[in-house]
Every structure is written in structure tokens, then in C-alpha cells.
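J.: There's a structure below that I have some questions on.
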Amino acid sequence: MRVDLLGLPVDLLSRDETRIRALAAMRGDAAPCRHAALNVATLVGARRDGALARELRESDIVGVDGAGIALALWLKGCGRVARVPALDLFESLVGACAREGLRPFLLGAKPDVVADAARSLRRRHPRLVLAGLHHGYFRPDQEAELCRRIAASGADGLFVALPAPQQEGFLRRHREHLDVPFVMSIGGAFDVVAGRVHRAPPLVRRIGAEWAYALVQEPGRLAGRTLRTNTAFAGLLLAAALRRLAGPAGARPTRCVRAQPAVTTTTRRRS
């Protein structure tokens with residue numbers, strides 16, 4: 001079910017449900033699919049950036065990536081919502097690609113990072129065949145040629161590891177030219193897969209404190225951004241709660257309300 005959270009869509013899908021839809025698109029058994037992962041930083045950014053908000057609204061699946069989003073949905077009355085971290089979904093889909101002979105394309109990160117991520121994935125999945133890979137340090141005048149390369153690769157899935165909102169902007173500008181049936185934004189996943197950044201231990205992930213673990217690893221890069229986004233997110237939640245309290249006397253509390261269905265925008269699979 002798709003619901004509205006602070007003016008943005010969120011799909012209440014489990015990891016298995018999301019995986020099934022993604023693989024169906026990659027196999028050509030279903031319509032093309034664009035997946036976006038929603039965390040606190042992306043939500044706050046989309047509230048300020050209309051183009052990013054539009055990209056989220058036009059995505060076919062907007063997954064619950066962060067613990068803050070799950071908390072906000074619980075406060076909204078949606079109950080306990082399962083998180084679908086982008087990294088977990090990415091690694092699960094890559095494993096399925098290896099088993100089924102599907103060919104993903106990796107785009108993003110520094111040249112050595114994406115190359116190391118590809119090597120790591122091949123070591124773990126010897127049968128994996130990549131449609132291609134390319135780093136994320138390309139100029140605007142190189143984007144058209146990059147898109148032609150991706151389209152010509154015959155990729156069944158495209159995993160984009162660029163910073164937000166850069167990755168959303170790239171997909172918005174070029175989604176009609178990519179000709180890939182499943183597209184997913186995965187943020188900094190390649191840095192983790194390549195071993196450049198250590199992922200939080202399972203216990204830290206279960207309690208939703210990955211942001212704190214990442215902050216300890218990269219305080220110089222993340223401290224200011226984390227403080228700004230978390231403060232802004234807390235303010236949004238407080239404002240929403242105050243609006244509900246200020247509503248008509250006796251009105252029912254706002255519950256999880258179904259939002260408008262997504263508009264499928266990913267280019268159709270070539271015949």
C-alpha cells in the first residue's frame with residue numbers, strides 16, 4: 001500500500017514483496033520499475049527541492065530505507081513498518097541476478113571504488129555477469145554518451161550510487177533514454193561493498209542507529225549534515241503533530257491514508 005508521509009509517498013512493502021516486484025521487472029514479466037529509497041536526508045531534501053520531490057512521486061516504489069521514516073510512519077498510525085534498507089535489497093537482487101543470469105549495470109562512486117565493488121560482488125557470486133560499470137565522476141556533457149552505453153549494454157537492472165539529489169536528477173533527465181527495466185538508487189552502497197566504509201553491526205542496525213555509527217566513522221563529512229537533517233525532520237514531525245492537535249474538536253487522529261498510485265515513468269523494455 002502506498003501512503004502519504006509529510007507530502008511524499010511511501011510504499012509499505014516488505015523486503016520480499018519489493019524483491020519480487022524488482023525481479024519481475026528485470027525478467028520482463030512485469031512493467032519497468034523505478035525504485036527510490038526514502039530516508040530522513042532524502043525526505044528533508046525533497047521538502048526543499050521540488051524536482052527531487054517530483055522524482056519520488058513518480059517512482060514506482062518508494063521504500064522505507066531509514067529508521068526515522070519507520071518511526072514517522074508509526075507516529076502517523078501505520079503500525080510497525082518493516083524497513084527495506086537499500087543496501088540489503090541491492091545485495092539480495094545481485095545474488096538473484098547471479099542465479100538467474102540477469103545482468104546488472106553499476107553506476108556511481110569513484111573509479112577505484114566501483115571497480116572494487118564489482119570485484120567483491122564477483123567473488124561472492126562467481127556466476128554474476130555484469131552488463132557494465134562506470135564511475136560517478138562524469139561531466140554533464142558526458143551524460144548522453146553514458147546513457148547510450150547503458151542502453152546498448154542490454155542491462156536488466158541499473159543500480160545508481162550517486163549522492164542525492166544528483167542521482168535523482170540524472171535519472172529524471174535521462175530515464176527515457178536508459179532502456180533498462182529496473183532502476184534503483186542505492187546511495188553510498190558501493191563504498192560499503194568495496195570495503196571502504198564499514199557497515200554498522202546487526203544490533204546497531206536493529207535499533208535504528210546506523211546514522212550514529214556512520215557519524216563516528218566520518219564525523220568531518222557527516223556531522224553538519226546529520227545535525228541539519230535530523231533537526232529539520234524533528235521539526236516537521238512536531239509541526240505535523242501540532243496541526244493534528246489544532247484540528248476540529250473531536251476529530252479522529254490522522255491515520256495511515258492511502259496515497260495516489262505511482263506514475264510509471266521508467267522506459268519500457270526493448271522488444
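J.: In the stretch 109-120, which residues are in contact (Cβ under 8 Å) with a residue 60 or more places away in the chain and either within 20 Å of the chain's Cα centre (by Cα) or part of a loop (DSSP other than H, G, I, E, B) (or both)?
T.: Ala109, Val113, Val114, Ala117
J.: Let me confirm something: among Gly169, Gly136, which residue is of a type outside the set (Ser, Thr, Tyr) and in a loop (DSSP other than H, G, I, E, B)?
T.: Gly136
J.: Does Val160 count as in a strand (DSSP E or B) and either modelled with pLDDT under 95 or touching a strand residue (DSSP E or B) at 6+ places or on another chain (Cβ under 7 Å) (or both)?
T.: Numbers: in a strand (DSSP E or B): yes; either modelled with pLDDT under 95 or touching a strand residue (DSSP E or B) at 6+ places or on another chain (Cβ under 7 Å) (or both): yes.
Answer is yes for this residue.
J.: Moving to a separate point now. Condition first: in a helix (DSSP H, G or I) and buried (at least 17 other Cβ atoms within 10 Å of the Cβ). Now tell me which residues in the stretch 97-107 satisfy that.
T.: Selection gives Cys97, Ala98.
J.: Inspect all residues belonging to the stretch 196-213 and state whether any of them is crowded, with 17+ Cβ neighbours inside 10 Å, under 22 Å from Ala24 (Cα atoms) and not hydroxyl-bearing (Ser, Thr, Tyr).
T.: No; the residues of the stretch 196-213 include none that is crowded, with 17+ Cβ neighbours inside 10 Å, under 22 Å from Ala24 (Cα atoms) and not hydroxyl-bearing (Ser, Thr, Tyr).
J.: Additional query: Taking the stretch 1-20 on its own, how many of its residues are of a type in the set (S, T, N, Q) and either over 18 Å from Trp74 (Cα atoms) or assigned to a helix (DSSP H, G or I) (or both)?
T.: As a first pass, look at the stretch 1-20 and keep what is of a type in the set (S, T, N, Q): 14, 18.
With the extra rule that they be either over 18 Å from Trp74 (Cα atoms) or assigned to a helix (DSSP H, G or I) (or both), the set shrinks to 18.
Count: 1.
J.: If I filter the stretch 186-217 down to residues being of a type in the set (A, V, I, L, M) and modelled with pLDDT of 85 or more, which single residue comes out as nearest to Ala70 (Cα to Cα)?
T.: Result: Ile186.
J.: Something else: Give all pairs with beta carbons closer than 9 Å in which a residue from the stretch 91-107 that is on the phi > 0 side of the Ramachandran plot meets a residue that is in a helix (DSSP H, G or I); count only pairs at least 6 apart in sequence or on separate chains.
T.: Filtered contacts from the stretch 91-107: no entries.
J.: Now for a different question. Does Val84 count as in contact with a helix residue (DSSP H, G or I) (Cβ under 6 Å, 6 or more places away or on another chain), assigned to a loop (DSSP other than H, G, I, E, B) and buried (at least 20 other Cβ atoms within 10 Å of the Cβ)?
T.: Numbers: in contact with a helix residue (DSSP H, G or I) (Cβ under 6 Å, 6 or more places away or on another chain): yes; assigned to a loop (DSSP other than H, G, I, E, B): yes; buried (at least 20 other Cβ atoms within 10 Å of the Cβ): yes.
So Val84 passes the test.
J.: Only one of these is without any contact (Cβ under 8 Å) to a residue 40 or more places away in the chain, out of contact with any strand residue (DSSP E or B) (no Cβ under 9 Å at 6 or more places or on another chain) and basic (Lys, Arg): Arg54, Arg48. Name it.
T.: Arg48
J.: Same structure again: Within the bounds of the stretch 21-39, is there any residue that is part of a helix (DSSP H, G or I), crowded, with 17+ Cβ neighbours inside 10 Å, modelled with pLDDT of 95 or more and within 13 Å of the chain's Cα centre (by Cα)? Steps first, answer last, please.
T.: First, the residues of the stretch 21-39 that are part of a helix (DSSP H, G or I): 21-27.
Filter once more, keeping what is crowded, with 17+ Cβ neighbours inside 10 Å: 21-23, 25-26.
Those left that are additionally modelled with pLDDT of 95 or more: 21-23, 25-26.
Applying the additional criterion that residues be within 13 Å of the chain's Cα centre (by Cα) yields 22.
Checking the stretch 21-39: at least one residue is part of a helix (DSSP H, G or I), crowded, with 17+ Cβ neighbours inside 10 Å, modelled with pLDDT of 95 or more and within 13 Å of the chain's Cα centre (by Cα).
J.: Let me ask something else about it. Just one of Arg149, Arg127, Arg123, Arg175 is charged (D, E, K, R), outside any strand (DSSP E or B) and without any contact (Cβ under 8 Å) to a residue 12 or more places away in the chain; which is it? Please lay out each step first, then the result.
T.: Details: Arg149 fails: without any contact (Cβ under 8 Å) to a residue 12 or more places away in the chain; Arg127 fails: without any contact (Cβ under 8 Å) to a residue 12 or more places away in the chain; Arg175 fails: without any contact (Cβ under 8 Å) to a residue 12 or more places away in the chain.
Only one candidate passes the filter, namely Arg123.
J.: Quick check on Leu146: is it of a type outside the set (D, E, K, R), at pLDDT 95 or above and touching a helix residue (DSSP H, G or I) at 6+ places or on another chain (Cβ under 8 Å)?
T.: Judged against the criteria, Leu146 is not a match.
The values are calculated or read from the model by the stated rules, or taken from the named source; none is laboratory data. Since the model is a prediction, treat every value here as computed from it, not as a measurement. With ideal geometry, Cβ positions are generated from the backbone for all residues, glycine too; neighbour counts draw on all protein chains shown.
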